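Everything on this sheet refers to the single structure shown next.
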Number of protein chains: 2
Amino acid sequence: MKIAVVGAGLVGSAWAIVFARAGHDVAVYDAVEGGADRAIGLIGDRLKTLEEVGLIEDAAAAGQRVRVAASLADAVVDAAYIQESVFETVEQKRQIFAALDAVVGPETLIGSSSSGIPASAFTDHVGCRERCLIAHPVNPPYLIPVVELVPAPWTAAATVQRVRALMESVGQEPVELTREIEGFALNRLQGLLLAEAWKLVADGIMSVEDVDRTVSAGLGLRWSFMGPFETIDLNAPGGVADYARRFRTMYETIAGSRGVDLGWDDALIAEVERQRRVALPADRLAERSAWRDRRLMALMAHKRSSQDPAAG
Amino acid sequence: MKIAVVGAGLVGSAWAIVFARAGHDVAVYDAVEGGADRAIGLIGDRLKTLEEVGLIEDAAAAGQRVRVAASLADAVVDAAYIQESVFETVEQKRQIFAALDAVVGPETLIGSSSSGIPASAFTDHVGCRERCLIAHPVNPPYLIPVVELVPAPWTAAATVQRVRALMESVGQEPVELTREIEGFALNRLQGLLLAEAWKLVADGIMSVEDVDRTVSAGLGLRWSFMGPFETIDLNAPGGVADYARRFRTMYETIAGSRGVDLGWDDALIAEVERQRRVALPADRLAERSAWRDRRLMALMAHKRSSQDPAAG
């Protein structure tokens, strides 16, 4: 498959690694003179490092699949997918999407790496807008697999489905938002936790260092292999609905103390329970808890064996 | 050192493992007939599993250090530290602390595993209250090292210092709150993230499964070895203050949409920056970023090698 990477800074270069690693041919374009050439060097170095730590088998072969495009049109010709990663201002996004619209093929899909600006702000004016969406990575995407897919109001459902399938096929872990929302999902989840972290420091309750340790030696361990819903699903004998009813009052007080209306009413609890029971039937909760403990043990053994020099 | 574990359910049993693993003699007491004996069996099984996965060297020797106490007085005689883990109601906590007060030695410190009830609610009436505090674990503490230390208003500073030193000496990672607050720190941080997770589902923005993946394939990876402050400190060229100024508007909008006043004013940003620069001087940000990438690579290699059967 032919992939175009448009905008060859840190994010674009990292995307090139994702696609080349998966066996695709990647054309890299950057409007800045020499930008794509510099990216090729960076990509080669990072591929080598990935090979050294055993995360890819053949860095040289992957590097061979990445080429510098002579022009934007050259980059996107015959491309099945374009990953746009230009500098994040509305104006620059609007310009590049207009330029892409002039040269893009009739079937090509376009994902933007935008971390905050929604696609509706810069694809309203282009003919190919049904084939555009946000594909927001966490940097660097060749190490952190999640990709947020966020459609504009005019993005076709098929566009989301096909980009999801593409991302899965190259080893990423796509997640879908049904519509645009400020900060998408990942930065919203991070944002509310950060808000509380900063308030604990502002109120003199806890030091920055101890807040960090509360996460890195506590909350973050389970969250590195299962999400917050599965975590609480396994933390009460009857699963997530049982957990929500046991701890609703505590969480209402916590959330309320910062102005948040928790809203865990019975209908919402039933809906979360329904979705979790599709993923994991109630009669497998105990088995999954044992799996969680094995994963935690393996993670702790891994952390013990990893180099962890003091930060200071 | 002699340690007493009072209340021998899942939490108390797990604490016994922590102390016995570190070489201490542990006396286990449970008010329920046969409760401590059942705990000994559970402790032996778990120690064996820890030995199998290489997390301890000699399960049998550790198991030998745990004994059933004949009475509460027998459990705490000569104990340097008592970890209380009885059922979490104010009434039961008040009763056990009154009973402990009657038999505790003059130097013994007492930590309560309470996950939500503050120590001021159940130690106001006891003579030894200066030596009492919350030592809240995440279950199971032999796998998740963080311990929240929360003093009551009358807890002596020396009590906090000595329990912190004890917890560090047995391999836990204690964090300190300067005063009581609803939910302490860990459940507050989890609670605000959970509040947002549930709202994304309630608003039909994202499925439970995709929220979980946003964390387990995204946010949770870095958080398993560094906290939220260090994460953002390394996510802008100029460190955490640079990050806060770049993204303050986005996070204000996110937090504000849920009713939270973010409050990242210049004075607070300066204070967080000051604390981070003590931990990591500015001229070492780049080196630490390279460390983060190596840790991420090692984590991804670890995850790839771990068994991860589908949940459903």
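The values are calculated or read from the model by the stated rules, or taken from the named source; none is laboratory data. Since the model is a prediction, treat every value here as computed from it, not as a measurement. Virtual Cβ from ideal backbone geometry, glycine too; neighbours counted across all protein chains shown. Please note that ligands, DNA and RNA were not included when accessible areas were found on the heavy atoms of the full protein model with its side chains. Shrake-Rupley method; radii C 1.70, N 1.55, O 1.52, S 1.80 Å.
Structure notes:
- With respect to the conditions (1) in a helix (DSSP H, G or I); (2) surrounded by 21 or more Cβ atoms within 10 Å (Cβ to Cβ), B:D37 lacks only one, and its number is (2).
- Restricting attention to the stretch A:219-235, the residues being without any contact (Cβ under 8 Å) to a residue 40 or more places away in the chain, over 20 Å from the mean Cα position of the chain (by Cα) and open to solvent by less than 10 Å² (accessible area, probe 1.4 Å) number 1.
- Count of the stretch A:68-91 residues which are farther than 19 Å from A:L109 by Cα and crowded, with 16+ Cβ neighbours inside 10 Å: 1
- Considering (1) farther than 14 Å from B:Y29 by Cβ; (2) open to solvent by 10 Å² or more (accessible area, probe 1.4 Å), the lone condition that B:S114 does not fulfil carries the number (2).
- Residues being within 30 Å of B:R188 (Cβ to Cβ) and either in contact (Cβ under 8 Å) with a residue 40 or more places away in the chain or open to solvent by less than 10 Å² (accessible area, probe 1.4 Å) (or both) are represented in the stretch B:20-30 by at least one member.
- Residue match in the stretch B:258-269 (condition: of a type in the set (G, A, S) and closer than 29 Å to B:L299 by Cβ): no
- Scanning the stretch A:256-273 for residues that are in a helix (DSSP H, G or I), facing chain B (nearest Cβ under 9 Å) and charged (D, E, K, R) turns up just one, A:E271.
- When the criteria are applied in full, A:R258 fails the requirement of being of a type outside the set (G, A, S) and closer than 23 Å to B:E209 by Cα.
- Some residue of the stretch A:53-67 being touching a Phe, Trp or Tyr at 6+ places or on another chain (Cβ under 7 Å) and of a type outside the set (S, T, Y): no
- Hits in the stretch B:200-231 (condition: in a helix (DSSP H, G or I) and more than 7 Å from chain A (Cβ to nearest Cβ)): B:R222, B:T231
- Check on B:R288, in a helix (DSSP H, G or I), open to solvent by 50 Å² or more (accessible area, probe 1.4 Å) and either facing chain A (nearest Cβ under 7 Å) or under 30 Å from A:R288 (Cβ atoms) (or both): no
- Test: residue in the stretch A:203-212 that is within 21 Å of the chain's Cα centre (by Cα) and aliphatic (A, V, I, L, M): no
- Count of residues meeting criterion [facing chain A (nearest Cβ under 9 Å) and not in a helix (DSSP H, G or I)] in the stretch B:232-255: 1
- Filter pass, A:L262 being crowded, with 17+ Cβ neighbours inside 10 Å and either modelled with pLDDT under 95 or over 25 Å from B:F184 (Cβ atoms) (or both): no
- Residue check, B:V150 farther than 15 Å from B:I82 by Cβ, touching a residue at least 12 places away in the same chain (Cβ under 8 Å), among the hydrophobic types (A, V, I, L, M, F, W, C) and not in a loop (DSSP other than H, G, I, E, B): yes
- Subset of the stretch B:140-189 (residues that are closer than 18 Å to A:S216 by Cβ and surrounded by fewer than 16 Cβ atoms within 10 Å (Cβ to Cβ)): B:E168, B:G171
- Within the stretch A:54-67, restricting attention to residues that are assigned to a helix (DSSP H, G or I) and open to solvent by 60 Å² or more (accessible area, probe 1.4 Å), the residue that is farthest from A:I110 (Cα to Cα) is A:A60.
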